[in-house]
Amino acid sequence: MPNAILDPTGTVTNSAAKPAAPRAPRLASLDGKRVGLLINTKQNARPFLDEVGRLLEDRYGVTVTKRTKLNFAVPEPENVIKELVAENDVIITGVGDCGSCSAAATADGVVLEAAGVPVAAIITDSFIPTADAMAALRGAPGYKYATTAHPVAVLTEDKVKERAAQVLDDVVALLVEDSAKDEA
Amino acid sequence: MTAANTEGAAAGAAAPDPDEAQRAIEYCYEQGWSDGLPLVPVSKPLLDAFLATTGKDPDEIIGALEQVGRDVNVRTAAINAAMAGCKPEYFPVVLAAFEALMRERAARGGGFQSTSGPSPLIVVNGPVRKELGFNTAGGAFGPGFRPNATIPRAVGLIVRNAFGIHPHVLEQATQGLPGRWQVCIAENEEESPWEPFAENGGVTGGVSAVSATLTRTMEFVDNRHTPNHEDVLRDIEDTVNRMGSLIFPQTSVALVLCPEHAQMFAAAGLSKADVQNWMIEKCGHTGREFKLAGKENVPRKPDGTFASDEEFHRILSAPQQVPVIVAGAKNAAISMVVRIFGEWSGSSVPVGEKK
């Protein structure tokens, strides 16, 4: 009997075997809700999310609070997640426009959803594979997020606002029930 | 093929079966374990030979990437080191290199996933260099020497296989860099006029030790015709100062000096600290220069404001941002400026001995 060839991947629990991360229930409506913006500090992330927040205030009368990610490259620590969950009805995070920050935005989304808060993570479309891979690793294969065209960092102020307006419907669709969305 | 070769192969009853070896290599490719080059298929006896070189428990966790929920233990690291082509006796150096690398904030954070595609720079000091047959002389950046070539590859395979960071998926390098997972320098201590690099990382007494950081690329400074050491320092400074590499208010660069440059500086009475201070003092740009490159947000000051047009913004502020290493042959005055991704931890790791 020859020796077996040994596996170098260690103890991998593949995502299918992992308990699925639960997704938060969607809201019936955004009317008057508390919206948390989790800004990841990448170039233009702040004006982008500011504009998303402003448009939601106009359209749904939401209350917006803002928070800056401690480190764009990695998911937020547990204490921050707890505070975000306590302080908001929904969370919008982004803009994931790099290898680590797009994955981190998705990971934050999955964790916050599991804690009961609907999330709209916004990433640029260059990073769909890494966002999907991170979601699967976190027990949420097929996790849905919003995308905007890459790049965002080089856009002028006006173009950033345009992009925010363009992604708004997708963001809302990620946060509310299908029926509520149809009525909007 | 010559007749002698044919006979030699036929006569060797114990010669390995190449067809079987090829099947085993293809099997490893099919599993997705390879970095693109052939791997050594690892069996239990080979793994045991690796584990016998360390006093560490095979189950001991030696690194984790929390954001992807993966970690690596001694056993898995050994399998990857063996696959990379390491000899069992290299394994304590692999463990030290990996520990040194995981002390880097950038490596624990998103470095391995980054669009920058950074590569470790591994530096080995002490008697282990000779004991294991490291190249300490010409061609310091490779290739041609088994320990120098296989130890960084082992680290790359650990990241790929144990952490699950695969290109185009969780690894998002835009272009990466030549020599990724291929750079392991054994310092030319014999021709260095200064203390071994490991001493700068806190390991003294000539003990074998490994240091590591992440790098984005490197560029040579070829300056072999001037007798004036300040000319050479200005030339190196010019390369350190290159605007294209600057993305944060502060940067870090390793100077891998050839023995000739290092000895020239030492003969002029300069210590490593003097070379470092030269760079700290001189390297930087005015606010206007940053602005002309569209980088007006780079020269951010500690108070949150940005350098004005006329204001000179220094890109280095501490010796730890300019590690100085001596490597290569004493046959030409060619040194390398290595751009560090993030910053060096400033700590070296002694090579462990079996208990």
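The values are calculated or read from the model by the stated rules, or taken from the named source; none is laboratory data. None of the values given here were measured: they were computed from a predicted structure. Please note: Cβ atoms are built from the backbone with ideal geometry, for glycine as well, and neighbour counts cover all protein chains shown.
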Single unsatisfied condition, A:GLN43 versus (1) over 14 Å from the mean Cα position of the chain (by Cα); (2) away from every other protein chain (no Cβ under 13 Å): (2)
In the stretch B:293-308, residue nearest to the other protein chains (Cβ to nearest Cβ) [restricted to those that are out of contact with any helix residue (DSSP H, G or I) (no Cβ under 9 Å at 6 or more places or on another chain) and more than 14 Å from B:ILE247 (Cβ to Cβ)]: B:GLY304
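Residue-by-condition table, conditions (1) within 14 Å of another protein chain (Cβ to nearest Cβ); (2) buried (at least 24 other Cβ atoms within 10 Å of the Cβ):
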residue: B:ALA154; (1), (2): yes, yes
residue: B:HIS168; (1), (2): yes, no
residue: B:GLU171; (1), (2): yes, no
residue: B:PRO178; (1), (2): no, no
residue: B:TRP181; (1), (2): no, no
residue: B:CYS184; (1), (2): no, yes
residue: B:GLU189; (1), (2): no, no
residue: B:SER192; (1), (2): no, no
residue: B:ALA198; (1), (2): no, yes
Select from the stretch B:94-135 the residues that are hydroxyl-bearing (Ser, Thr, Tyr) and crowded, with 22+ Cβ neighbours inside 10 Å and write down the one among them that is farthest from B:ARG180 (Cα to Cα). B:SER114
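Let's see how each residue does on (1) away from chain A (no Cβ under 11 Å); (2) in contact (Cβ under 8 Å) with a residue 40 or more places away in the chain; (3) within 22 Å of B:VAL93 (Cβ to Cβ):
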| residue | (1), (2), (3) |
| --- | --- |
| B:ASP19 | yes, no, no |
| B:ALA24 | no, no, no |
| B:TRP33 | no, yes, yes |
| B:VAL40 | no, yes, yes |
| B:PRO45 | no, no, yes |
| B:THR54 | yes, yes, yes |
Here the qualifying pairs (Cβ atoms under 9 Å; residues six or more apart or on different chains; first in the stretch B:285-305 and within 18 Å of A:LEU155 (Cα to Cα); second loosely packed, with under 12 Cβ neighbours inside 10 Å and among the β-branched types (Val, Ile, Thr)) come out as B:GLY294/A:VAL154; B:LYS295/B:ILE247; B:VAL298/B:ILE247
Hits in the stretch B:131-154 (condition: outside any loop (DSSP other than H, G, I, E, B) and out of contact with any Cys (no Cβ under 9 Å at 6 or more places or on another chain)): B:GLU131
How many of the residues in the stretch A:121-130 are buried (at least 24 other Cβ atoms within 10 Å of the Cβ) and either within 20 Å of A:GLN166 (Cα to Cα) or more than 7 Å from every other protein chain (Cβ to nearest Cβ) (or both)? 4
Taking the options B:PHE145, B:PHE91, B:PHE98, name whichever one is touching a strand residue (DSSP E or B) at 6+ places or on another chain (Cβ under 7 Å) and among the aromatic types (Phe, Trp, Tyr). B:PHE98
Evaluation of B:ARG70 against (1) under 15 Å from B:PHE98 (Cβ atoms); (2) out of contact with any helix residue (DSSP H, G or I) (no Cβ under 6 Å at 6 or more places or on another chain); (3) without any contact (Cβ under 8 Å) to a residue 24 or more places away in the chain (one fails), failing number: (3)
Kindly list the number of the only condition in (1) part of a loop (DSSP other than H, G, I, E, B); (2) under 15 Å from the mean Cα position of the chain (by Cα) that fails for A:ALA20. (2)
Test: A:ALA107 is within 14 Å of another protein chain (Cβ to nearest Cβ), closer than 30 Å to B:ALA84 by Cβ, in a loop (DSSP other than H, G, I, E, B) and of a type outside the set (Asp, Glu): no
Only one residue in A:LEU84, A:LEU70 is over 14 Å from the mean Cα position of the chain (by Cα) and under 24 Å from A:ALA133 (Cβ atoms). Which one? A:LEU70
Kindly evaluate B:GLU310 against the criterion of being over 24 Å from B:CYS184 (Cβ atoms) and not in a loop (DSSP other than H, G, I, E, B). no
I'd like to know if the stretch B:298-319 contains one or more residues that are closer than 17 Å to B:GLY201 by Cα, crowded, with 17+ Cβ neighbours inside 10 Å and not hydroxyl-bearing (Ser, Thr, Tyr). yes
What is the one condition in (1) within 15 Å of the chain's Cα centre (by Cα); (2) at pLDDT below 95 that A:VAL12 does not satisfy? (1)
Wholly inside the stretch B:216-304, helices (runs of 4 or more DSSP H) that include 1 or more residues that are of a type outside the set (Val, Ile, Thr) and within 27 Å of B:PHE141 (Cα to Cα) are B:229-240, B:259-267, B:272-282
